[in-house]
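Engineer: To start, I am sharing the structure in question, which I have written as structure tokens.
Just so it is clear, none of the values below were taken in a lab; they were calculated from the coordinates. In this text, all values refer to a predicted model and were calculated from it rather than measured experimentally. Using ideal geometry, Cβ is built from the backbone for each residue, glycine included, and neighbour counts are taken over all protein chains shown.
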Amino acid sequence: MKVRVDPEKCVGHGRCYELAPEVFGEDERGHCRVLWEIVPPQLEEKARLGEANCPEDAISTSEV
Ligand code: SF4
């Protein structure tokens, strides 16, 4: 799985990296950055959790 964060939409309130710190981190401004080029299978559920809980709809996942 690949995860992408749209930097135009992310406002940096951090729900993603609070809910799924295994997949999402924060940059120096508190905006989200994805920690994996390819998300390992055991973390795909966490990636989807972040996607589902981003109020800005900034996170998208896709199969590789
Ligand atoms: S939850 Fe969405 S808007 Fe908030 S930091 Fe994460 S990607 Fe950005």
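Engineer: Every residue in the range 39-56 that is more than 8 Å from the ligand (Cβ to nearest atom), within 12 Å of the chain's Cα centre (by Cα) and in a loop (DSSP other than H, G, I, E, B), please.
Structural biologist: Val39
Engineer: Kindly indicate whether any position in the range 10-32 is touching a residue at least 40 places away in the same chain (Cβ under 8 Å) and among the acidic types (Asp, Glu).
Structural biologist: No, every residue in the range 10-32 fails to be touching a residue at least 40 places away in the same chain (Cβ under 8 Å) and among the acidic types (Asp, Glu).
Engineer: OK, next. Scan the range 5-23 and give yes if some residue there is within 11 Å of the ligand (Cβ to nearest atom), in a strand (DSSP E or B), under 10 Å from the mean Cα position of the chain (by Cα) and surrounded by 12 or more Cβ atoms within 10 Å (Cβ to Cβ), otherwise no.
Structural biologist: Scanning the range 5-23, I find at least one residue that is within 11 Å of the ligand (Cβ to nearest atom), in a strand (DSSP E or B), under 10 Å from the mean Cα position of the chain (by Cα) and surrounded by 12 or more Cβ atoms within 10 Å (Cβ to Cβ), so the answer is yes.
Engineer: Within the range 29-38, does at least one residue satisfy the condition of being buried (at least 16 other Cβ atoms within 10 Å of the Cβ) and assigned to a strand (DSSP E or B)?
Structural biologist: The answer is yes, given that some residue of the range 29-38 is buried (at least 16 other Cβ atoms within 10 Å of the Cβ) and assigned to a strand (DSSP E or B).
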